[in-house]
């Protein structure tokens, strides 16, 4: 057995308890944690044959007054040490996962609690719920482009179709797609468990960018007539108001803010305009706002249709 100093490994600065009996070897980090805490939540930990990890079989010298269970996470069950740290922060109530947790923490726990990693079903379900709540058609998250690529990969691996459409749309409206293809971002995750090589990650992201380009083309074709045609109403007076105000209130702001390929945001902004102050009657305002909400749903349906057509990469 090697001494710790000669092994190239290091004890985690927080999650190394001298009275604990479970040692998790994750990348170059060793976590020594309390077995009962994890085994009652994890079928994987509970299924370990404790006697097969005798002190003599442990590859490094660890002083212990109790038998140790030593688990090495390798290629067959790849785990990130930072993800395990986030999971343990939750398990030890240092930083419990909640609906207010940032994207990076939710994703870290989502990965590390997955069946292919430490397998904590209840925690995985909670993390999946929080992850899903970050990407809804009613609340477009303001995530970084790197986070969006990772979210798309995770949503794809978990078959979260409602999340896929939202994240794909967000990548489309957040990216310079030509630059993204030429200069892809750093390595991401294609599923909730396995890191990609840089070459594989680049290929995956380029595929996503091509999908976004296809989506943008379809959305522009669909939304352009809606955007550049003044709305009509059953009342001639209200129709005239739209004709007089459509350019300054709708078209010009959309052009200034790339609203042609951001139909969800543009339609939402149209609904927020105080049309009554410009002379529209209440009935026509309500009718058009309902119509624009339906158009937003039509856009989401367009994204869903594209995803189904491209099901081979989803």
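The values are calculated or read from the model by the stated rules, or taken from the named source; none is laboratory data. A quick note: this is a predicted structure, and the numbers were derived from the prediction, not measured. Ideal geometry is used to build each Cβ from the backbone, glycine not excepted, and the neighbour counts take in all protein chains shown.
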> If you go through segment 256-292 one residue at a time, how many are farther than 20 Å from residue 218 by Cβ and surrounded by fewer than 13 Cβ atoms within 10 Å (Cβ to Cβ)?
Replying inline: 10
> Here are 38, 87: which of them is within 18 Å of residue 119 (Cβ to Cβ), in the same structural domain as residue 105 (by TED's automatic domain parsing), part of a helix (DSSP H, G or I) and at pLDDT 90 or above?
Replying inline: 87
>> Can you list residue pairs whose Cβ atoms sit under 8 Å apart, with the first residue in segment 120-136 being in contact (Cβ under 8 Å) with a residue 24 or more places away in the chain and the second being part of a helix (DSSP H, G or I) and exposed (fewer than 13 other Cβ atoms within 10 Å of the Cβ)? Count only pairs 6 or more apart in sequence or on different chains.
In response: 121/43
